[in-house]
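First the structure, in the form of structure tokens, and then the observations on it.
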Amino acid sequence: MNRHTQILDYLDYEFTSAVRDSLWGHIYLSPGLEQICALREFRQLAKIKQLGPTHIVYPGAVHSRLNHSLGVFFLARRLIRRLIGFPNAPSLSLEGVKAYLCAALLHDLGHFPFTHSLKELPLLDHEQLTARFIRQGELAHLLREAVGVDPEMVAAIVDEAAPDQGSDELRLYRRLLSGTLDPDKLDYLNRDAYYCGVPYGVQDIDFVLDRVRPNGYSGIALERDGISAVENILFSKYLMYRAVYWHKTVRAATAMIKKALHSALSAGALAPDDLYGLDDESFTAQFTATRHPAFELIELVDRGYTYKAALELPYSEPESPDFAHLLDLETRGKLEKQCSSFLSGATGRPQHFCSLIIDLPEAVNFEVAFPISDRGVIRDYLDAGTVFTPAVVEAFTANLRLVRVFVDPLVQAELRAEDLQQLHQIIKDSVAD
């Protein structure tokens, strides 16, 4: 039996154990992957909400990292099976395909609560933590013995900082797992929209996979008549950020949590290792006001009490300096103290250091560098007749990215229009400082 036939037989006949998923229906696991899914490290993902505090706004958004991980695996299996069916598919190994599917299933293993909201803090990336889990203990043993794959290869696919050892095959799997049309994005957009009860993130998965073609070890290309699939993803991503991920109440909740953790890390009351390996319940139980005063913000979010936006300013305006200096948390903290001091005078009572929080979202990446197969000729997506030109994508980002000043609702109720104008001026003056 040749290598190609072995891979096809593995993909078609090895996956016999069904798991019922609310989004994709039956997701089939191999016996080895079924054992991995029973491990404590994987089961703990069921205790971490995929969208953190978003359930405050969308009560249905209580789906977990475990749900999402199974969905990514499901789509990764469909994608690799689709690509291998083409006569011009790149040469792959059975172990490599197994490693890719394991990486898809385990890619979020290093997630702890609110990971994506804490990228600015001095913490390890969740991909590094995932690779650490994969390389050790019972999980590494099961990968070797029950699945028949080297844990090092699985870890290297997830963690792009790991050496690729000059392997074209490994680099291909990285591109398949993380790109414009990757299984991760296709699952989370659909799943988040489904559980939030909004239509914005829905993707036509069957159409997408039907238009996908192999592009050597560079990854995948899309048939020209599939351009609308990429356009749908880009616009869906924009709408989901606008309506869900960066909803101002969600931003307030995550800003409060980030402020609490940054304050505690800066004061030495918290070490990064205190965060790794937590789930939602242990996170909330561990970070209480009795341990550090700033953790009161976490307790407030847990009760569904969030700060309100006193000001909203565009991150950048034509012919005006932007707020890039506020990307530095130390600089932002100094400005927050200055604004809190102003609030003390405006309200006639002292405001503590966490009474005002400035929130600045990170840049959003709308990937448009995507190859299009036009009658066998590979073209860049931007040259294939799409409406998503660089100017359109830049407008998307500019429209989404706002600097918000969040304050306690009780403080907001005391502020007059002239107070808000003065606060606005303090924020704008910080650009020139």
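Within the stretch 297-316, one or more residues are within 30 Å of Phe133 (Cα to Cα), out of contact with any Gly (no Cβ under 9 Å at 6 or more places or on another chain) and surrounded by fewer than 21 Cβ atoms within 10 Å (Cβ to Cβ). When Val393 is tested against (1) buried (at least 18 other Cβ atoms within 10 Å of the Cβ); (2) of a type in the set (A, V, I, L, M); (3) over 26 Å from the mean Cα position of the chain (by Cα), only condition (3) is not met. Among the residues of the stretch 212-229, just one is of a type in the set (Asp, Glu) and in contact (Cβ under 8 Å) with a residue 24 or more places away in the chain, namely Glu223. State whether the residues of the stretch 339-352 include one that is farther than 20 Å from His262 by Cα and among the aliphatic types (A, V, I, L, M). Yes - at least one qualifying residue is present in the stretch 339-352. Of all residues in the stretch 42-63, those satisfying the criterion of being within 25 Å of Ala140 (Cα to Cα) and surrounded by fewer than 18 Cβ atoms within 10 Å (Cβ to Cβ) are Arg43, Ala46, Lys47. Set side by side, the residues Arg213, Arg171, Arg242, Arg175 differ, and just one is out of contact with any Lys or Arg (no Cβ under 8 Å at 6 or more places or on another chain), closer than 21 Å to Lys119 by Cα and surrounded by fewer than 23 Cβ atoms within 10 Å (Cβ to Cβ), which is Arg242. The conditions of being within 21 Å of Arg251 (Cβ to Cβ) and small (Gly, Ala, Ser) are not met by Ser341.
For Arg224, the conditions (1) in contact with a strand residue (DSSP E or B) (Cβ under 6 Å, 6 or more places away or on another chain); (2) buried (at least 19 other Cβ atoms within 10 Å of the Cβ); (3) over 29 Å from Asp21 (Cβ atoms) all hold with the exception of (2). Restricted to the stretch 133-239, the set of helices (runs of 4 or more DSSP H) holding at least 2 residues that are basic (Lys, Arg) comprises 168-177, 183-196.
Taking the stretch 399-425 only, how many residues are among the hydrophobic types (A, V, I, L, M, F, W, C) and loosely packed, with under 15 Cβ neighbours inside 10 Å? Going through the stretch 399-425 one residue at a time, the tally reaches 3.
Of all residues in the stretch 361-373, none satisfies being buried (at least 16 other Cβ atoms within 10 Å of the Cβ), modelled with pLDDT of 90 or more and under 30 Å from Gly345 (Cβ atoms).
The values are calculated or read from the model by the stated rules, or taken from the named source; none is laboratory data. As the structure is a prediction and not an experimental result, all values here were calculated from the model. As a convention, Cβ positions derive from the backbone with ideal geometry for all residues, glycine included, and neighbour counts pool all protein chains shown.
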